[in-house]
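Structure first, commentary second.
The values are calculated or read from the model by the stated rules, or taken from the named source; none is laboratory data. Predicted model only: the values in this text are computed from it and were never measured. Here the Cβ is made from the backbone with ideal geometry for all residues, glycine too, and neighbour counts use every protein chain on show. Heavy atoms of the whole protein, side chains included, go into the accessibility calculation; ligands, DNA and RNA do not. Shrake-Rupley method; radii C 1.70, N 1.55, O 1.52, S 1.80 Å.
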Amino acid sequence: MKIYCLPDELKSELRKLHGELYRGDGQDTARQIIKNLKNPTKIITVGDIVTFNLLNAGIVPDVSFVDDRTKRIPAADHIMHGTKHPRFRTIVVENPPGILTEGLLSEVSKAMDSDNPVRIFVKGEEDLAALPAIAMAPLSSVVIYGLPDEGAVVVKVTRDKKKEIQSLIDKMKCMEEE
């Protein structure tokens, strides 16, 4: 089983914006993002607030990652309930902070192939899920992740972006067990 850990030397690399920052936090920001989307192959959200805001603005993401937490504290009840949608098939996966588990990577891969919206509920932390989401998403998809106290970052999935993110993931390999 492969496990990927976030080494300290990669933390600053991951803090860099890998897409376009939309400032603000709420439906106005979500509407601005939606207005600028050019018919993406898939819309993928990472984070409870981003997922909540897109759903409230009328967009059901193809894949969403939530953990019922925001800024490492429990999200408000209306946010937790607001990230659920009747069209979602919910998958639960364990993924500790600072780690990408094989279980999470496997569910990301399956979700990208799904024709129905998938909500991946992460027990632990979903922050790093943006990386495999970008690496595995079909070309011309968008991955939208929250940047606490700033807004949301929209990453357009291109061949170059997929390669760049996959090379970051490759630098994170920390354990391989039989």
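Values for this structure:
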{"item": "Extreme residue, farthest from the chain's Cα centre (by Cα), among residues of region 68-121 that are of a type in the set (D, E, K, R) and in a helix (DSSP H, G or I)", "result": "Asp77"}
{"item": "Tabulated pairs, region 2-13, first assigned to a helix (DSSP H, G or I), second surrounded by 10 or more Cβ atoms within 10 Å (Cβ to Cβ), C-beta under 9 angstrom, 6+ apart or interchain", "result": "Glu9/Lys171; Leu10/Leu168; Leu10/Lys171; Leu10/Met172; Glu13/Leu168; Glu13/Lys171"}
{"item": "Filter result for the condition that a residue is assigned to a helix (DSSP H, G or I) and surrounded by 14 or more Cβ atoms within 10 Å (Cβ to Cβ), over Phe52, Phe65", "result": "Phe52"}
{"item": "For Ser140: the one exception among (1) within 28 Å of Gly58 (Cβ to Cβ); (2) open to solvent by less than 70 Å² (accessible area, probe 1.4 Å); (3) small (Gly, Ala, Ser)", "result": "(2)"}
{"item": "Test: residue in region 157-178 that is open to solvent by 20 Å² or more (accessible area, probe 1.4 Å), part of a helix (DSSP H, G or I) and in contact (Cβ under 8 Å) with a residue 40 or more places away in the chain", "result": "yes"}
{"item": "Residue list for region 119-129, restricted to those being under 19 Å from Ser12 (Cα atoms) and either of a type in the set (D, E, K, R) or open to solvent by less than 10 Å² (accessible area, probe 1.4 Å) (or both)", "result": "Glu125, Glu126, Asp127, Ala129"}
{"item": "Matching residues, region 21-35, being open to solvent by 50 Å² or more (accessible area, probe 1.4 Å) and either among the polar types (S, T, N, Q) or farther than 21 Å from Glu126 by Cβ (or both)", "result": "Arg23, Gln27, Asp28, Arg31, Gln32, Lys35"}
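For every residue, the table says whether it meets (1) more than 30 Å from Glu9 (Cα to Cα); (2) without any contact (Cβ under 8 Å) to a residue 12 or more places away in the chain.
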| site | (1), (2) |
| --- | --- |
| Met80 | yes, no |
| Thr83 | yes, no |
| Phe88 | yes, no |
| Val93 | no, no |
| Gly98 | no, no |
| Glu107 | no, no |
| Asp113 | yes, yes |
| Pro117 | yes, no |
